[in-house]
Structures are given as C-alpha cells and as structure tokens.
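Following: one structure in structure tokens, then a few remarks.
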Amino acid sequence: SNKASLKVLSIGTRYETEILYLLSAGFRDIRGLDTFSYSPYIDIGDMHEMPYQDNTFDVIIAGWIIPYSRQPEIVRDEIIRVSKNGSIISLGVSSYTEERYLYIISGKKNEDSPHSNINVESISFKEYLQTVKQFRVLFGKNVNIELFTKNPYITTAHYDSNKDHCIYCFEVKK
C-alpha cells in the first residue's frame, strides 16, 4: 500500500516531533491526539473517548501512553473502534517481562536496566501495563498477526534481534 494514502493516528503526540517523523517517512494523512497541544495537526481529546468515526485509521501509534490509563480496556476498545480491519497498531512497551520490571523498580542499576520510563510508583506490577505479555492479553482477540516485538524471549516471523526498540506491533483483526 502507498504510505501517502494511509490514514495515520498518533495518540499522545503532544508536540509535532512524531508527526514530522511520520511525514519524513512518506506518510501524509496524519492526525495526532492528546489532551493538549499547540499544534493544528494534533486534535485535543481523550484516548478513552476518541473524536473519530469507526474504521477511520490504517495505522495507529500509541507510544508509551496506555500505562497512564486506569481503564486500559476502554483505550483498547477505542483503538480497535477507530482502526480498520487489517490496520497496523504500534504500542510503546516499557519492560519486556514481569521479572525485568520488578528488577528495574527494585532500584538496582546496571547496564542491563536502561528503562527510566517505567512507572516506579506502581503499587503492584499488574496496576500498569508495562510488558509485551500484558499487551498481548489486552489486545489478544484483536491480534491477527504479530509484526514486531522487542522481547528477547519471544520471536515472531518478522522479529529482528538486531533492532533495539520497545515496541509491540500487530495487524488488527475485527
């Protein structure tokens, strides 16, 4: 498919940086959504109640925003609602496994714990979605095929261990 013809939504993109990256990659029909912004490219709104029609977007990017929600099931439902069948969803993930998460929040620091964006204020691991496994459970019935995941314990057909991204990317099944 031609990138310029795809409708893209970037959730939590308060500033235009992500939109500019997408433009430089060849996408042209891009909207951002955040609770506030100065940009005319970013709609003001809530990820729990998106101001878009059903089946609108071909690509949805949600970079490290779902863990901020106390109602991730509503965010999931909204992402699925505004995506088309076969859409590509890319989610930012903070930690690969529960063990890694617990190690990082324990306060031990070494070269193996680079994730400063993990919410260390969490009372329990299950309170915040931080791992690929948790996102798999949340989106499970709507995952047609996994496209990419950075998790040293999991591989998919398109997994590239030479890349170092904390991303869970899949094709939507409605």
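The values are calculated or read from the model by the stated rules, or taken from the named source; none is laboratory data. The model shown is predicted, which means the values in this text are computed figures rather than measured ones. Neighbour counts are summed over all protein chains in view; Cβ atoms, including those assigned to glycine, are modelled from backbone coordinates with ideal geometry. The accessibility values were calculated without ligands, DNA or RNA, using every heavy atom of the protein model including side chains. Shrake-Rupley method; radii C 1.70, N 1.55, O 1.52, S 1.80 Å.
The residue that is nearest to SER87 (Cα to Cα), among those in the stretch 45-57 that are out of contact with any strand residue (DSSP E or B) (no Cβ under 7 Å at 6 or more places or on another chain) and outside any loop (DSSP other than H, G, I, E, B), is GLU49.
A quick yes/no check of all residues on (1) assigned to a helix (DSSP H, G or I); (2) open to solvent by 20 Å² or more (accessible area, probe 1.4 Å):
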residue	(1), (2)
ARG14	no, yes
GLU18	yes, yes
LEU23	yes, yes
ILE30	no, no
PHE36	no, yes
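Does ASP34 satisfy the criteria of being at pLDDT 95 or above, farther than 19 Å from PHE170 by Cα and among the acidic types (Asp, Glu)? Judged against the criteria, ASP34 is a match. Cβ-Cβ contacts under 6 Å between residues 6 or more apart (or on different chains), taken from a first residue in the stretch 9-38 that is at negative phi and in contact (Cβ under 8 Å) with a residue 60 or more places away in the chain to a second residue that is of a type outside the set (Val, Ile, Thr) and open to solvent by less than 20 Å² (accessible area, probe 1.4 Å), are listed as LEU9/PHE57; ILE11/LEU33; ILE11/ALA62.
Scanning the stretch 52-71 for residues that are surrounded by 14 or more Cβ atoms within 10 Å (Cβ to Cβ), farther than 17 Å from VAL143 by Cα and at pLDDT 95 or above yields TYR52, THR56.
Among the residues of the stretch 39-67, those identified as in contact with an Asp or Glu (Cβ under 9 Å, 6 or more places away or on another chain) and of a type in the set (Ser, Thr, Tyr) are SER39, TYR41, TYR52.
Restricted to the stretch 87-101, and to residues that are in contact with a strand residue (DSSP E or B) (Cβ under 6 Å, 6 or more places away or on another chain) and of a type in the set (Gly, Ala, Ser), which residue is modelled with the highest pLDDT? Result: SER87.
Comparison of ILE74, ILE44, ILE79 shows that the only residue that is crowded, with 16+ Cβ neighbours inside 10 Å and among the hydrophobic types (A, V, I, L, M, F, W, C) is ILE79.
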